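Reviewing the structure listed below.
The values are calculated or read from the model by the stated rules, or taken from the named source; none is laboratory data. Just so it is clear, the structure is predicted and the values come from calculations on it, not from any experiment. Counting neighbours? That spans all protein chains shown, and the Cβs are built from the backbone with ideal geometry, glycine included.
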Amino acid sequence: MDQENKQLEAAFKDPESVIEAATLYDTILVSRLFYGQEQSVRGWFSTFAAMAASPDIRFFKVRTEGTAGLPYCNQQSADSMDFPFMAYSMGVTFFAPASNMMGETKYHTPDGSGLTNAANVDPGVPHFWTFDLPRHAAIALKTNQDVRTEVTAYACPPGYGPMGGGAALEIPLPAQGVTLYRQHAQLNTFGTQGVPVLTNRFKFPAPIVIPKNATIEGVLYLSTYARTVLAGLSGPLDYLFQAGDTMVQVEKFPMRFGVQMSLMGYRLVQQRGQYHV
């Protein structure tokens, strides 16, 4: 393996080699509802409790672009590298819906005083997932049989993602006899781990050379505290939207929570009639 790595390093230094910047990423999702072939994607969860109970939360191991879709994974084959790769940095992002208005109801109470099933409106979960959960998680990168790095999740920011936030207080309309859903108090807090600049990532002390077809795996470790909290949460629930200006019906669709791991570096481009290590 050392000889193979030396040959690959030499190929990256060869001025005749075709090298291009590349990013490898994979995502786990948690949502109450998946669509079409998403329902068969391995390693995704329909509840927080299911994620907490899973002994293995893994990246680059079971999903491909063909099964999960390009927004979530760009591997062409699971468990192994599609091309010779020299990884320079690693990032992990915990992303959640920007709106904290998460619930599972469609209607206001008849007197307009609030939402039915109000106990099931859970505004703190997106904030916990995005900003607190990474404090209680660690990530490991493995290639072939070697553990190349182990680090806390907050130590490897992704270098990309949204930043910002805002709040709005309730504005009642007594003349209409009902407070419209869209005028209930809102609190939107969205962001990512660290400043979203690509240089703000976990940089390997020395680039990690990964040959083509080498096995690769990322492993997310959650603390007992994190698993206990997730096991006690309901949902994920739904985004809630009012259907019209005077209607009391509220439309909904499922919220999605996710964790995405990415590697950035350079790859050797396969050319016609040319084969790499």
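Determine if the stretch 57-70 includes at least one residue that is within 25 Å of Gly124 (Cα to Cα), in contact with a Pro (Cβ under 8 Å, 6 or more places away or on another chain), in contact (Cβ under 8 Å) with a residue 60 or more places away in the chain and outside any helix (DSSP H, G or I). Even if it seems obvious, please write down each step before you answer.
Initial filter on the stretch 57-70 (within 25 Å of Gly124 (Cα to Cα)): 57.
Keeping just the survivors that are in contact with a Pro (Cβ under 8 Å, 6 or more places away or on another chain) gives none.
Looking for residues that are within 25 Å of Gly124 (Cα to Cα), in contact with a Pro (Cβ under 8 Å, 6 or more places away or on another chain), in contact (Cβ under 8 Å) with a residue 60 or more places away in the chain and outside any helix (DSSP H, G or I), one finds none in the stretch 57-70, hence no.
Go through the stretch 50-64 and give me each residue that's buried (at least 17 other Cβ atoms within 10 Å of the Cβ) and either more than 22 Å from Met255 (Cα to Cα) or of a type in the set (A, V, I, L, M, F, W, C) (or both).
Of everything in the stretch 50-64, those that are buried (at least 17 other Cβ atoms within 10 Å of the Cβ) and either more than 22 Å from Met255 (Cα to Cα) or of a type in the set (A, V, I, L, M, F, W, C) (or both) turn out to be Met51, Ala52, Ile57, Phe59, Phe60, Lys61, Val62, Thr64.
Checking Leu233 against (1) of a type in the set (A, V, I, L, M, F, W, C); (2) touching a strand residue (DSSP E or B) at 6+ places or on another chain (Cβ under 7 Å); (3) modelled with pLDDT under 90, which single condition isn't satisfied?
Checking Leu233 against (1) of a type in the set (A, V, I, L, M, F, W, C); (2) touching a strand residue (DSSP E or B) at 6+ places or on another chain (Cβ under 7 Å); (3) modelled with pLDDT under 90, the one that fails is (2).
Is it true that Pro123 is buried (at least 18 other Cβ atoms within 10 Å of the Cβ) and either modelled with pLDDT under 90 or over 28 Å from Gln193 (Cβ atoms) (or both)?
In short, no.
Output the residue which, of all residues in the stretch 34-48 that are buried (at least 16 other Cβ atoms within 10 Å of the Cβ) and small (Gly, Ala, Ser), is farthest from Asn74 (Cα to Cα).
Only one residue fits best here, namely Ser46.
Within the stretch 18-27, can one find any residue that is modelled with pLDDT of 85 or more, crowded, with 18+ Cβ neighbours inside 10 Å and touching an Asp or Glu at 6+ places or on another chain (Cβ under 9 Å)?
So far as the stretch 18-27 goes, yes, one or more of its residues are modelled with pLDDT of 85 or more, crowded, with 18+ Cβ neighbours inside 10 Å and touching an Asp or Glu at 6+ places or on another chain (Cβ under 9 Å).
Please find, within the stretch 64-89, the residue that is farthest from Ile19 (Cα to Cα) out of those that are of a type in the set (S, T, N, Q) and out of contact with any Leu (no Cβ under 8 Å at 6 or more places or on another chain). Quick ask: steps written out before the conclusion?
Residues of the stretch 64-89 of a type in the set (S, T, N, Q): 64, 67, 74-77, 80, 89.
When the remaining residues are screened for being out of contact with any Leu (no Cβ under 8 Å at 6 or more places or on another chain), the result is 64, 67, 76-77, 80.
Values: Thr64: 23, Thr67: 28, Gln76: 19, Ser77: 21, Ser80: 20 Å.
If we take residues in the stretch 64-89 being of a type in the set (S, T, N, Q) and out of contact with any Leu (no Cβ under 8 Å at 6 or more places or on another chain), then Thr67 is farthest from Ile19 (Cα to Cα).
I need a count of the residues in the stretch 164-217 that are at pLDDT 80 or above and either farther than 27 Å from Val62 by Cα or part of a strand (DSSP E or B) (or both).
Qualifying residue count for the region: 18.
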